[in-house]
1. When you check residue 341 against the structure, is it surrounded by 22 or more Cβ atoms within 10 Å (Cβ to Cβ), more than 20 Å from residue 450 (Cα to Cα), out of contact with any helix residue (DSSP H, G or I) (no Cβ under 8 Å at 6 or more places or on another chain) and assigned by TED's automatic domain parsing to the domain that holds residue 468, yes or no?
2. Assess whether residue 384 counts as being among the hydroxyl-bearing types (Ser, Thr, Tyr) and over 21 Å from residue 419 (Cα atoms).
3. Note down all Cβ pairs under 6 Å where the first residue falls in the stretch 121-145 and is in the same structural domain as residue 159 (by TED's automatic domain parsing) and under 10 Å from residue 70 (Cα atoms), the second is in a helix (DSSP H, G or I) and of a type in the set (Ser, Thr, Tyr), and they're at least six residues apart or on different chains.
4. Spot the failing condition for residue 326; the list is (1) β-branched (Val, Ile, Thr); (2) under 20 Å from residue 281 (Cβ atoms); (3) assigned to a loop (DSSP other than H, G, I, E, B), and only one is missed.
5. Being outside the structural domain of residue 330 (by TED's automatic domain parsing), touching a helix residue (DSSP H, G or I) at 6+ places or on another chain (Cβ under 8 Å), at pLDDT below 90 and not acidic (Asp, Glu): is that true of residue 258 here?
6. Test residue 2 against the stated conditions and say whether it is out of contact with any Phe, Trp or Tyr (no Cβ under 9 Å at 6 or more places or on another chain) and either among the basic types (Lys, Arg) or at pLDDT 65 or above (or both).
7. Do the conditions hold for residue 295, that is, is it more than 30 Å from the chain's Cα centre (by Cα) and under 18 Å from residue 361 (Cα atoms)?
8. What tally of residues in the stretch 443-502 results from selecting those that are at pLDDT below 75 and either closer than 17 Å to residue 433 by Cα or in contact with a Gly (Cβ under 8 Å, 6 or more places away or on another chain) (or both)?
Amino acid sequence: MVHLSTCRDSPRARLSVRPGTGRVFVLATVFVCAACGLVYELELVALASYLIGDSVTQASVVLSVMVFAMGIGSLLAKRLRLRAAVGFGLIEAALALVGGCSALVLYAAFAWGGGSRYALVGFSLMIGVLIGAEIPLLMTLIQRVSRQDPGGAVADLFAADYVGALAGGLAFPFFLLPLLGQLTGALLTGTVNAVAGGALVLWLFREDLTRRGRWWLIAVNVLVLAVLATATALAGDFELAARRAVYGPHVRVTVRTGVQEIVLTRSPRGTVDLFLNGRLRVDGRDERRYHKALVAPAMSGPHRRVLILGGGDGLAAAEAMKHRGVASVTVVELDPGVERLARTDPGLSALNGHAYRDPRLHVITADAFTWLRSPRQRYDVIISDLPDPGITPSTKFYSEEFYGLAARVLAPGGRLAVHAGPVETRPDSFWTVEETIRTAGLRTLPYRAAGPAARPGPTRATPGDWGFVLASRARPLLSPDGGGGGSWAEVRGRPAGIAPSTLVHPRYPG
């Protein structure tokens with residue numbers, strides 16, 4: 001903090017406004033820059049979680065690397081204190097360019113490079129260094145505008161900084177992301193950042209700049225704004241090209257809901273594939289084998305009332321309603337966009353056999369965990385057709401608490417079927433699901449079915465198997481496959497020492 005006290009000895013800036021007004025402008029710039037900085041940070045976390053998965057790990061990487069880099073930036077900024085105005089202007093221009101283009105470059109690395117981990121770390125470092133250099137230079141500038149004791153100046157700067165961070169943190173999920181999307185939202189933030197930093201230096205501190213320095217700063221900011229404007233204009237074409245690189249050339253429908261991005265593709269063979277946040281959730285070629293393996297074993301006992309957790313695509317419901325004696329099927333789906341597509345899209349509705357036309361099917365739009373917490377009627381069959389447990393937002397649906405809630409609504413003699421992930425490639429996750437269900441008070445029977453066919457590309461399925469767990473209060477028996485698409489068999493060799501997963505101690509690797 002030595003440099004803070006020495007700032008008081010620096011000459012007062014030559015301003016065209018009163019010192020009090022100049023101080024307000026500096027603090028307003030701190031507010032804007034802090035908001036932009038937090039948006040960059042949240043943008044990196046959100047996009048990395050979407051592209052790479054395991055949001056806890058990605059958030060930890062971004063935050064730790066960025067905080068470390070901010071310390072480096074603060075140290076490097078000491079060299080710029082004597083030219084604080086021009087230094088701050090150049091740093092804000094660089095931050096606007098790097099932060100504004102970060103989402104675009106990360107998406108490009110994922111689409112054409114197959115991964116974006118190294119780009120994530122690189123941008124976290126660069127943005128952190130630039131953000132860390134802001135406060136020391138702003139401290140110097142505010143000391144030159146208004147003679148203040150260092151303690152008061154620090155309090156004012158950090159107050160503006162924290163309030164700005166609040167504004168940026170709220171703007172990202174409630175305005176930028178839903179209205180503009182990740183790419184355009186980041187580019188717009190960069191534009192605001194460049195304008196705020198450039199305006200402060202070129203207007204308030206213009207007398208402190210040499211003629212040459214002023215023109216250099218103008219040229220740099222114009223170039224940055226031109227790059228951001230060009231990228232914004234081309235963002236739609238870029239996103240289309242990147243999406244084709246990720247999903248293939250046959251993208252039919254793209255919908256961004258308040259929950260996720262939904263993409264429907266049609267292969268040259270005419271099959272429909274459904275992607276949620278870049279991950280293949282329904283493979284048209286393998287769908288019937290998968291849902292038959294998930295649903296049919298649970299239907300061998302009583303099955304008058306069926307509850308499906310997830311499964312808004314209607315495929316599990318369609319498989320359940322093929323069985324005689326089914327009086328009602330209740331689907332609890334978080335995203336109404338999935339249900340809407342399953343009802344109206346010709347390809348997806350044909351794949352689910354127009355299940356939503358069946359009067360026995362009822363849909364509840366809710367989070368399955370929250371919905372189960374309220375007293376419910378009993379169900380003969382519960383099907384958990386939810387994303388893999390390795391995806392961080394899904395881990396609560398594979399917890400002891402969740403299965404305990406599901407067991408409360410399971411009728412006597414009823415069965416619970418859970419998709420538990422592949423046995424061969426992720427045995428730890430598979431057996432953790434099985435142990436967690438056992439710990440919730442149900443008896444289990446783990447089984448597997450032949451998995452998906454090979455697919456090319458970063459988002460496609462790879463050969464393997466599907467793993468499931470069948471559970472009930474009595475020891476469940478595995479029914480024969482009945483023919484007509486695939487087979488399943490009990491999985492033996494349960495390892496010792498497996499611990500259950502809970503809300504406060506999730507145990508699924510990413």
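The values are calculated or read from the model by the stated rules, or taken from the named source; none is laboratory data. In this text the structure is predicted, and so the values were computed from the model without any measurement. Note that each Cβ is placed from the backbone with ideal geometry, even for glycine, and that neighbours are counted across all protein chains shown.
1. Working: surrounded by 22 or more Cβ atoms within 10 Å (Cβ to Cβ): yes; more than 20 Å from residue 450 (Cα to Cα): yes; out of contact with any helix residue (DSSP H, G or I) (no Cβ under 8 Å at 6 or more places or on another chain): no; assigned by TED's automatic domain parsing to the domain that holds residue 468: yes.
It is false that residue 341 is surrounded by 22 or more Cβ atoms within 10 Å (Cβ to Cβ), more than 20 Å from residue 450 (Cα to Cα), out of contact with any helix residue (DSSP H, G or I) (no Cβ under 8 Å at 6 or more places or on another chain) and assigned by TED's automatic domain parsing to the domain that holds residue 468.
2. no
3. 127/40; 132/74
4. With (1) β-branched (Val, Ile, Thr); (2) under 20 Å from residue 281 (Cβ atoms); (3) assigned to a loop (DSSP other than H, G, I, E, B) applied to residue 326, the lone miss is (2).
5. Here the answer is yes, as residue 258 does meet what is asked.
6. No.
7. No, not satisfied.
8. 8
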